[in-house]
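Structure record follows, encoded as structure tokens.
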Amino acid sequence: MTVHIEGIVALAVFYLLILAVGIWAAWKNKNSGQAEGTDRSETIMVGGRDIGLFVGGFTMTATWVGGGYINGTAEYVYLPESGLAWAQAPFGYALSLVVGGLFFAKPMRSRGYVTMLDPFQQIYGKRMGGLLFIPALMGEIFWSAAILSALGATLSVIVDININMSVVLSACIAIFYTLVGGLYSVAYTDVVQLFCIFLGLWVSVPFALNHPAVTDITVTAVKHVYQAPWRGVIHRDDIWTWIDNFFLLMLGGIPWQVYFQRVLSSSSATYAQVLSFLAAFGCLIMAVPSVLIGAIGASTDWNQTEYGPIPPKDNGKADMILPIVLQHLCPPFVSFFGLGAVSAAVMSSADSSILSASSMFARNIYQLAFRQSASDREIVWVMRITIFVFGALATVMALVTGTVYGLWYLSSDLVYVIIFPQLLSVLFVKGTNTYGSVAGYLFGMVLRIGGGEPYLRMPPFIYYPGWIIEQRENPMTKVMDDVVVQKFPFKTISMLASFLGNVAFSYLAKYLFESGKLSHKYDFLDAVMSKHSEEIMDKTTLVPRGNNIGLSEMAPVKSRLSVTLATAFTRRDTLPKEACATFEEEDSSPDSPNHDAE
């Protein structure tokens with residue numbers, strides 16, 4: 001094995017830069033928190049709620065533009081059986097951020113929540129919050145493991161270093177600066193990482209396009225040269241599958257703590273919306289070089305390169321098309337620069353997922369469910385421990401689990417079919433309760449798992465209309481097996497069934513108990529009768545009876561920054577003093593329309 005010294009040096013410089021920025025952000029975070037007298041735990045979780053548009057836009061974009069995003073987009077464009085038509089992630093996630101900004105960012109931020117699970121515990125109680133924590137945690141951990149695994153494979157392609165060593169080193173750096181700085185370190189390192197991704201990939205594209213072995217990509221987009229046209233095609237039998245996957249990306253990309261951590265860290269509800277729209281635009285821009293690299297891979301005569309006569313798609317290396325293009329179609333110094341971009345993409349997503357998982361555990365499981373009297377210092381230490389534990393768990397999975405991507409596929413599906421309808425219900429459907437939440441949870445889980453998971457070789461026990469049997473390679477044994485493939489859009493149907501089940505069973509339980517058809521003594525979840533004499537969204541109590549969480553624990557929106565974009569760009573010195581005083585008084589009032597409009 002040949003070790004490329006230049007690549008090692010380039011990686012060392014990049015990692016030292018990221019580490020230095022992370023430590024600086026931690027120092028800035030510490031001084032800021034001490035100066036303002038804010039809780040240390042909240043500063044770690046939501047950055048003191050003073051993340052501005054520039055840093056916020058970068059960190060939200062970098063969270064989505066991870067190693068899986070840029071590698072996966074290039075892979076789907078390159079593969080002849082998919083092509084650009086099936087590279088749904090850029091458009092799906094961009095629309096996800098737009099929908100999140102339009103409908104979810106404002107109510108979540110204006111109510112001053114600290115994590116995504118807060119509204120569930122507010123309405124459904126701490127037990128239901130714990131249940132919903134499970135798929136949310138699985139999604140974050142499996143995602144971190146998947147992208148760390150992709151990084152190890154990428155580094156081994158370009159630099160020829162040991163995969164395990166590269167995974168462990170990258171994970172240790174990400175865990176360390178997340179551990180010492182929390183969201184501040186993650187946000188500021190994301191700015192550097194996103195810049196490296198953008199510059200690294202765009203520098204590589206012109207060199208790869210001008211390689212002698214590459215045919216004009218505008219020709220190969222529509223004509224069969226070395227393989228099927230890379231623009232792709234959606235066959236009639238696959239339309240419902242395409243729609244199912246697109247809704248999974250668009251709506252299933254919303255209920256993630258990594259998204260709401262950025263939303264809740266913004267300085268106002270309006271800024272939270274603007275950050276979402278900026279990140280949507282950023283995701284589309286950052287996908288362009290990956291699409292071009294995938295198209296270049298499909299337009300290359302690999303027999304004219306050092307890679308050899310067998311194309312990557314024919315020897316099981318299609319998922320590594322991006323680093324292969326960087327290595328074989330670009331000069332060494334350019335490929336090492338692109339390698340830094342891939343490393344940046346991975347670390348920008350891994351650190352965010354690890355911090356998100358630890359934030360939910362420390363607040364919603366440890367503090368609100370078990371230790372409501374825990375001190376701020378105690379919560380900080382719980383966060384530090386869980387950052388290390390969850391980071392180590394993701395690293396171990398990346399090293400030893402061959403089906404980590406399959407696990408992430410399944411967990412992301414569970415986030416879509418379980419958490420999204422619950423979030424929809426708790427924010428927008430007045431009157432849902434714990435009984436409906438449990439029913440919706442079970443409906444979504446059974447219907448999704450019942451459809452099976454081909455990547456994990458998990459057979460279905462529910463055969464939806466249009467199912468077929470296909471031969472696919474087993475990722476563990478590398479042997480072709482027969483697997484059941486569901487052509488029916490069962491993921492979206494499962495999500496809708498979960499939502500309708502929540503609403504129907506909530507109102508059924510409410511009717512049965514309030515009408516007296518069932519005695520109140522059977523209301524064992526305290527979900528109906530305990531709220532019979534008060535409004536279900538009464539802001540003095542977040543969860544019923546023994547599960548009470550005081551509103552004082554929810555951080556308020558900062559009134560000094562809680563303004564609309566129109567007023568943000570209006571000079572107040574041009575207004576009469578009386579008007580300015582009236583505006584400030586109304587804007588700072590929790591019950592004012594301006595405050596709620598955030």
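Here, each number is a calculation from the coordinates, and none is a lab measurement. The model shown is predicted, which means the values in this text are computed figures rather than measured ones. Cβ coordinates were reconstructed from backbone atoms using ideal geometry, including for glycine residues, and neighbour counts include every protein chain displayed.
Here the label points at Ile469 and Asp314, each 7 Å from Cα along the C-beta direction, are separated by 3.0 nm in the simple model. Binning the C-alpha pair distances of the range 315-417 at 10 Å intervals from 0 yields a P(r) profile of 13, 29, 30, 18, 8, 3 %, listed from the shortest bin outward.
Going by how many other beta carbons lie within 10 Å of each one, how would you line up Met383, Met445, fewest first? If you can, show how the numbers build up before the last one.
Details: Met383 24, Met445 18.
Neighbour counts put them in this order, fewest first: Met445, Met383.
Counting charges near Lys313 (Lys, Arg +1; Asp, Glu -1) among other residues having Cβ under 13 Å from its Cβ returns a value of -4.
Among Phe142, Phe247, the order by Cβ neighbours within 10 angstrom, fewest to most, reads Phe247, Phe142.
Highest average first, the peptides 369-377, 456-464, 45-53 ordered by how many other beta carbon atoms sit within 10 Å of their residues are 45-53, 456-464, 369-377. Measuring between their Cα centroids, the range 236-262 and the range 326-344 lie 31 Å from each other.
Couplings for the range 430-437, taken from phi via the Karplus curve 6.51 cos²θ - 1.76 cosθ + 1.60 with θ = phi - 60°, read 6, x, 5, 9, 5, 4, x, 4 Hz in order; Gly and Pro are left as x. Here the residues Val396, Val219, Val168, Val342, ranked from fewest to most Cβ neighbours within 10 Å of their Cβ, fall in the order Val219, Val396, Val168, Val342. Summing charges over all other residues whose Cβ lies under 13 Å from the Cβ of Phe420, with Lys and Arg as +1 and Asp and Glu as -1, gives +1.
When ranked by the protection proxy of mean other Cβ atoms within 10 Å per residue, highest first, what sequence do the peptides 358-366, 178-186 form? Write out the running numbers ahead of the final one.
Numbers: 358-366: 25.1, 178-186: 27.6.
Sorting 358-366, 178-186 by mean packing, highest first, produces 178-186, 358-366.
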